[in-house]
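In what follows, a single structure is set out as structure tokens and then discussed.
None of the figures in this text is laboratory data; all of them are computed from the coordinates on show. Keep in mind the model is a prediction, meaning the values are calculated, not measured.
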Amino acid sequence: MKNSFLKKATTTLLTLFIALLLSTSCSSDDEKDPAVVFTSLEPSKTDAFIEETIVLNLEGTGYSDVNIASNNTSVKINKVTSTIYEISSTVAASTNIYVSLSNNTYKEHKSVTLNFCEHGV
């Protein structure tokens, strides 16, 4: 009787240990965010006059947030859709446009240089 009880207890503990091990190893892989990857970052042109707009088209995978910024305060960035942005300037300027795609775990950065010129001289 003692051997029978010991066998059942050992079998039950071993089964519970294996079930616990499998459940913890599977759940950690399912909760990971996918890697963020830039597919493309393309402006419609890199040089424009100040009354013109440059369209910036970005594509990527695995991201949930987009952050776009300029190093020049005279440059305006207007969101058209989640992947299309219009960029303009009120004065002649050269600017770097910084784009960051991210999710809860990963972040990817790219930048592009744009130039705005005045007509004339």
Go through 76/107; 32/79; 45/79; 32/110 and tell me which ones have a Cα-Cα distance over 21 Å in this structure. 76/107; 32/79; 32/110
What do you get when you divide the Cα radius of gyration of segment 53-99 by 2.2 N^0.38 Å, with N the number of residues? 1.18
